Amino acid sequence: MNPTVDPAQRKTAVVVGHGMVGHRFVEALRSRDEAGQWQIVILSEEQLPAYDRVGLSSYVGSWDASLLALPGNEYAGDALVELRLGQRAESIDRDARKVVTSAGDTIAYDALVLATGSYAFVPPVPGHDLDGCFVYRTIEDLDGIRATAEAAGPGAVGVVIGGGLLGLEAANALRLLGMTPHVIEFNDRLMPAQVDAGGGAILERLVTDLGLNVHTGVGTQSIEAAGDGKLKLTLSDESTIDNASLVVFSAGIRPRDQIARDAGLEVGPRGGIVTDLGLQTSDPNIWAIGECAAVEGVCYGLVAPGYSTAEVVADRLLGGAGEFPGADMSTKLKLLGVDVASFGDAHGTTEGALSVVLHDAAKGTYAKLVVSDDAQILLGGILVGDASAYSALRPLVGRPLPADPASLISPAGAELGADALPDDAQICSCNNVSKGAICGAIAEGACDVPAIKSCTNAGTSCGGCVPMLKKLLEQSGVEVSKSLCEHFTQSRAELFQIVQVTGIRTFSGLIAKYGKGTGCDICKPTVASILASTSSDHILDGEQAALQDTNDHFLANLQKNGTYSVVPRMPGGEVTAEQLITIGEVAKEFGLYVKVTGGQRIDLFGARVEQLPQIWQRLVDAGMESGHAYGKSLRTVKSCVGSTWCRYGQQDSVGMAVLLEKRYRGLRSPHKLKLAVSGCARECAEARGKDVGVIATEHGWNLYVGGNGGLTPKHAVLLAGDLDDETLIKYIDRYLMFYIRTADRLQRTAPWQEALEGGLDYLKAVVCEDSLGIADELEAAMAKHVDGYKDEWAAVLEDEEKLSRFVSFVNAPEEADPTISFDDSGERKVPVLLGVPQMPAATHGK
Amino acid sequence: MTVIDTPSISPATATGWTQACRLDYLIPGRGVAVLLKGGQQAALFRLTDGSLYAVGNIDPFGRAAVMSRGIVGDRGGVPVVASPLLKQAFSLLDGRCLDDESAALPVYAVRVDDGIVSVSNEPVALDSSDG
């Protein structure tokens, strides 16, 4: 935009504080002030420009502050905005209308906008200022917490004082840092501001299950240095926590109003710069926005109302008459994997309010709806354990209920469709976006969630409304695609069916008839996997060779510098002394880094492509075979020593593990598979953490299914109990084949099982009672795999043509890749990556 | 014999050629690495339609010489190779990364003489007016 106002006539707005609200104010003023009436100077005490403080916890793990940066926060190219980082406002001279900064500068203003936010309240507990005590407010605070946590080492105790929303976030941050978190809450429940006693009880149980130690109904009396860098906390019930490595105060926030107090502005009795609904303070040239403002005496500690105040002041400075519209104090968070949501009049303070509560202690869910005295109007609610109804319920606050309140929160109750909402219902409360605006964006061509986000801003802050965005998309007829990729509109399960029914055995045949284009790195390996699990051809035979991911192509695991690791199979973890010696000799001869894997095997790292066949030859000669550590296939069957050696063992777990591993070796599947067999209920093989877990009982075997790691680790659940050997194997055959045929690409067993309509009961019916009548077919398919198994390494060694592919360079088969090097100087051998863009010096001949 | 130039590039900048292998040795849809005279590395691909492409073998993101081991295919009709490390797709036509505009692979000219495939020793300068 081109400023039209004469620079001499231009007025100056000084903004004190560059947080989310200060930034929003500058954006709002700049986007509306088309004539260029205002020159803006921003004073920021922090060294970083405005960042997403609400998302602060996501900094844990990435430790990349740039990911939190707010778009446009540097005002590059805008001559009317000046951002002074690391310079705070020290005092205000109201008579002269000037601000003095920490750098000693004096800046004259026409309008002064205070956006100083709030500070973390630290209760005056003796010892609160000892080393190791932190607050949870800025990126710097988190850096300090991280350094202390890492110095203390894994499992060290970290204490959070305050069990509110932010306190639980802080506790989760400590957990992610590997600490053992304790949370101390003075109130009798966690999140007292949002959740009632019933919800608090469920919440406490859920977070305790996740490894948090919760102390409610107690205060902290003192913190003392306990030597060795540790802190000792004494609680009001006289219990102690003796060995804390750090303490985080999260006992609430207080408005930062000191600069206003010093300047003689009116402040509220509990702090906060008092303003009217236009956000004007007791001085008509000074405004206060965000958390430092007490709008008609009330402070709002959330970003959404803060944004509203910023918009109002931008409007006012341009001659408008905007007023603060009031605030939606809804909160939804996903902490530690526990859903908690609170919205509207959650505590039922409206006169005559009624509440409907559904408390399912067994499932760990709590839902409460607060409704008007005639049960017609929704006033608010609390959801703990399962907050999936939040996005549909929150926009209905203050509106007639579309159905009986109990049915809205009961699991089998009414599904709240997006069409139940009026157009002006607010879907995204963080950015104040209505259903009408979102539907408008969809009508104008936004066809997925990212597109809606970019053109309406909805869903870009807390993300709580994203499920609702999906519903609106579906409702408007946009199909959510199940296509595998741009080349196949079918899902993996559908392609599996097609391959089975048509007997097509080539990718080119399949894509010609059922897809388009030439394929990609998604559909090619998927089809390769389907072809592999429906036949026993070698995976490098014919056209299949071109479909394989590099791991399957070289039958080894690609590591970061382009070398591979080799993992020989050790069924059930058994290995002979001779084999161990061979592994050691191979490692020594080829200079490989050796590490025992998490699955009772030995991983040899750092082999170049042309070394792989030589390494395999040595291993194959020693009676070892490919461990398939490279494929989406069966990896390991872990076991304990079982009844052969163990005093407690009830069955031969090693024997069963070896049998299972040999049976399913080489089996290609949608995701990698791991099994384990424990010889008794002590579960030393950790079988319930595996896709298929077998645990011995007095009477036979218990079969557990669907346990695995990944982003959301799951324990396996009991499918059948006290099985004999034969039935056990039959059930596992059926289970694995059913999974291979129906799961999505890269879908692990746990989410596959959860997505099955009818859940575990359905799965039991299919596997144990043959409800679909396909058990024979599944067993036959597995039998075909078992009979056709051949060691992939040995097969390559016998095939000159395949062997010739194992070279670094097609034109120089004897050359090693000169770009590969290792650093052997430290504790362990590590790959050295290339510098880019410069090329390495040539080290070969000509 | 047939000379297959990578589209929209001028082979005039290549200062010589390195023989890679026989054309019939290349598996359609699969790459091989070629060590060029001068020390650079190219990833050479034969696609299922018979066309040949060569790009730099070093993944600019992963900083390892692995591009020849990526899966080839197309994205919206543009022939691409996906890095085997973190799967970014690179156009085989001009080397640019379709997932991150800031990165690109050098492109090498390819020719076939008497059934032998050769790759240019130096990357070719792309004609920017073509894209």
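Below is a table of values for the structure above.
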| quantity | calculated |
| --- | --- |
| Reachable lysines from A:LYS11, criterion Cα separation under 19 angstrom, eight or more residues apart if same chain | A:LYS98 |
| Karplus 3J(HN,Hα) series, Hz, for segment A:750-757 with 6.51 cos²θ - 1.76 cosθ + 1.60 (x for Gly, Pro) | 4, x, 4, 4, 5, 7, 5, 5 |
| Shielding score for B:17-23, defined as the mean number of other chain Cβ atoms within 10 Å | 2 |
| Restricting segment A:80-159 to chymotrypsin sites (Phe, Trp or Tyr not before Pro) in coil, as DSSP defines it, with at most 15 other Cβ within 10 Å | A:PHE121 |
| Value of [θ]222 nm, deg cm²/dmol, for chain A, DSSP H segments ≥ 4, -39500 (n - 2.57) each, nearest 500 | -8500 deg cm²/dmol |
| For segment A:501-518, Karplus couplings with θ = phi - 60° (6.51, -1.76, 1.60), whole Hz, Gly/Pro x | 6, 8, x, 5, 10, 10, 5, 5, x, 5, 6, 5, 8, 10, x, 8, x, 10 |
| A:LEU277/A:GLU82 FRET efficiency (R0 35 Å; Cβ-Cβ; nearest 0.05) | 0.70 |
| Net lengthening on full extension, A:ASP360/A:ARG32 (0.36 nm per residue, minus Cα-Cα) | 113.0 nm |
| Rounded to 5, percent antiparallel among DSSP beta bridges of the protein assembly as shown | 70 |
| Kirkwood Rh in Å, taken over segment A:492-548 so that all alpha-carbon pairs contribute | 11.2 |
| Set of lysines near B:LYS87 by C-alpha distance (under 24 Å), chain-local residues within fewer than 8 positions excluded | A:LYS482, A:LYS516, A:LYS524, A:LYS560, A:LYS632, A:LYS672 |
| Hits among lysines - C-alpha to C-alpha of A:LYS730 under 20 Å, sequence gap 8 or more where chains match | A:LYS638, A:LYS662, A:LYS674, A:LYS690, A:LYS764, A:LYS784 |
| Residue-span extension gain [A:SER536 to A:SER102] - 0.36 nm each, minus C-alpha spacing | 148.8 nm |
| Karplus-derived HN-Hα couplings along segment A:212-224 (A = 6.51, B = -1.76, C = 1.60, θ = phi - 60°), whole Hz, x at Gly and Pro | 8, 9, 9, 10, 9, x, 10, x, 9, 8, 7, 10, 10 |
| Averaged over A:539-547, number of beta-carbon atoms from partner chains that fall within 10 Å | 3 |
| Amide H within-cut-off set for A:LEU212, under 5 Å, with H built and near neighbours excluded | none |
| Acute angle (nearest 10 degrees) that the helix A:139-152 long axis makes with the longest principal axis of chain A, alpha-carbon atoms | 40 |
| Cβ-defined net charge surrounding A:ALA765, 13 Å radius [Lys, Arg +1; Asp, Glu -1] | -2 |
| Exposure of A:GLU494 as accessible area (Å², to 10), given a probe of 1.4 Å and all protein chains | 90 |
| Residues A:GLU494 and A:SER62, FRET efficiency given R0 of 35 Å [Cβ-Cβ distance, rounded to 0.05] | 0.45 |
| Charge tally in the Cβ shell below 13 Å around A:SER355, where Lys, Arg are +1 and Asp, Glu are -1, A:SER355 excluded | -2 |
| Within 10 Å of each Cβ in A:554-563, the average number of Cβ atoms from other chains | 4 |
| GluC sites (Glu not before Pro) restricted to DSSP loop in segment A:1-53 with at most 14 other C-beta within 10 Å | A:GLU34 |
| A:LEU130 paired with A:ASP725, simple spin-label distance in nm, labels 7 Å along Cα-to-beta-carbon | 6.1 |
| Accessible area buried at the A-B interface, both sides summed, 1.4 Å probe (Å², nearest 100) | 3200 |
| Nonlocal amide H pairs with A:VAL15, under 5 Å, H built at 1.01 Å | A:VAL41, A:ILE42, A:LEU43, A:VAL113 |
| Ordering of A:259-265, A:552-558 by packing [mean C-beta count within 10 Å, highest first] | A:552-558, A:259-265 |
| Computed over the protein assembly as shown, Kirkwood Rh from alpha-carbon pairs, angstrom | 32.6 |
| A:TRP645, A:TRP793, A:TRP63, reordered so the largest accessible area comes first (probe 1.4 Å) | A:TRP645, A:TRP63, A:TRP793 |
| Packing rank of A:495-504, A:724-733, A:287-296, where each peptide gets the mean count of other beta carbons within 10 Å, highest leading | A:287-296, A:724-733, A:495-504 |
| A:LYS638 long-range amide H proximity, modeled H, under 5 Å | A:LEU675, A:ALA676, A:VAL677 |
| Projected label distance in nm at A:SER388 and A:ASN187, using a 7 Å step from Cα toward the beta-carbon | 2.8 |
| Positive-end extreme of charge dipole, chain A - chosen from A:ALA69, A:PRO713, A:SER533 (charges on Cβ) | A:SER533 |
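The values are calculated or read from the model by the stated rules, or taken from the named source; none is laboratory data. Being a predicted model, the structure only gives us computed values, none of them experimental. When we count neighbours, we look across all protein chains shown, and the Cβ atoms used for this are built from the backbone with ideal geometry, even at glycine. Accessible surface is based on the protein model in full, side chains and every heavy atom, while ligands, DNA and RNA are left aside. Shrake-Rupley method; radii C 1.70, N 1.55, O 1.52, S 1.80 Å.
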